[in-house]
1. Which one of these does A:GLU95 not meet: (1) within 14 Å of another protein chain (Cβ to nearest Cβ); (2) over 30 Å from B:GLU32 (Cβ atoms)?
2. Please specify each residue of region B:29-58 satisfying the condition of being in contact with a Cys (Cβ under 7 Å, 6 or more places away or on another chain) and under 19 Å from B:SER109 (Cβ atoms).
3. Take A:LEU121 and decide whether it is within 30 Å of A:ILE53 (Cβ to Cβ) and either at the interface with another protein chain (Cβ under 8 Å from one of its Cβ atoms) or modelled with pLDDT of 85 or more (or both).
4. Could you tell me whether any residue of region B:63-84 is modelled with pLDDT under 95 and closer than 13 Å to B:SER122 by Cα?
5. Quick check on region B:11-69: of everything there that is more than 16 Å from B:ASP113 (Cα to Cα) and of a type in the set (Ser, Thr, Tyr), which residue is farthest from the other protein chains (Cβ to nearest Cβ)?
6. So which residues in region A:192-209 are modelled with pLDDT of 75 or more and not in a helix (DSSP H, G or I)?
7. Looking at B:VAL101, B:VAL12, can you tell me which residue is surrounded by 15 or more Cβ atoms within 10 Å (Cβ to Cβ) and in a helix (DSSP H, G or I)?
8. I'd like to verify a number: residues in region B:53-70 that are without any contact (Cβ under 8 Å) to a residue 12 or more places away in the chain and either in contact with a helix residue (DSSP H, G or I) (Cβ under 7 Å, 6 or more places away or on another chain) or crowded, with 21+ Cβ neighbours inside 10 Å (or both), how many?
Amino acid sequence: MSSIFGKLLTALRGGAREAGEAVMDANATRIYTQEIEDAKKNLGKAKRDLTNIMASQTKGARDVKQLQDDIAKYEASALSAMEKNEEELALSCAEKVGELQTELAVQEQVLAQTAAQVIKLKALIKQSETTIREHERELKMVKTTESVQKATQSITNTQHAGANKLLDAKSSLDRIKARQQHTFDQMDAAEVLENEMGSGSLDDKLAQAGIGGNKNSASDILAKLKQGAANKG
Amino acid sequence: MNKNLKELMTQVTTLDDEKRGGLDLSFEIIDEQVAKVTVEDRDELPIFITMADDQLLCICSLFDESQVTPESRMAMFESMLSLNIPMPLSSFAKMDDRYAVFGAMSLNSSAEDVALEITTLSDNSLDAIEALSDYLN
């Protein structure tokens, strides 16, 4: 699989590409999307198959175990029969053991095949998942690149239009800094003004010191009124 | 979540002051997928927001190739690569012949996250030009 970074770099490298030209043609994008869909379908099917096969693997293992138990049982029976000189019965047991061993061989064969299928399906699932992940990542990168190209186009159009034609970076920075300095200067000036006019004013300081000021307290007023009344009387 | 660029940008620009780092932001929609954000007092360095396939890209164009002193390109690249990791939330990039700083975000980012991205990107762009000015004409 060729690297998506390589493709993108080729597509982006100046000159070869017309402005706004797609990184990946629409047909290739469609193929990719289709491959992702196919891989997802395969993945779903493989997962279902795996579930079924693993179920029959469990059943197969159980059958094999059962056959092995049966064989052991009939072998023991055959021995017991021989000890009791029941030749005919012993022979029947031996025949049964023979049948069971044939069946066991078949079942073991099936079980081995099932195990191989499980391994194969697991590998297939892993492969599908990888395909999906890689293709989705690649498509994402292609689409992002296309968005960036669109944005670049917008940026170019916007910055070439309007009064502020592409300024050089250093003068932009100088202008911004000058403007910020101006804002700070304004703030300083405002502070000076505030100190002169506002809470920091001379009158205020005097008032705070109890000199001058026009703060007429109720007791002052009352005192004045009393003074006035006394003068009259 | 925020599939609509205009809606998202309206949310971002009307956030409380402290969520915008005290910077006033205004925006205009340039085409359906690209918004231009102007940061107060920084008109020369607008930030472009674009909705890509599954991410939000915030891009601030710094300067173009014609402004780079040709013999210092390599040194500038080295500086850019070295600054890339320390620079908060943003990385250096090149688009056609334009150098930029950018940040990529999830489409599910909140307005607060986008505002932080924009103000950080704006601060980064000023610092970046200053840091790289030795390599510029």
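1. (1)
2. Hits for region B:29-58 are B:ILE47, B:ILE49.
3. So A:LEU121 fits the description; yes.
4. No, region B:63-84 has no match at all.
5. B:SER26
6. Correct list: A:ALA209 only.
7. B:VAL12
8. Of the residues in that region, 1 qualify.
The values are calculated or read from the model by the stated rules, or taken from the named source; none is laboratory data. Computed from a predicted structure; not experimentally measured. All Cβ positions, glycine included, derive from the backbone under ideal geometry; neighbour counts span all protein chains shown.
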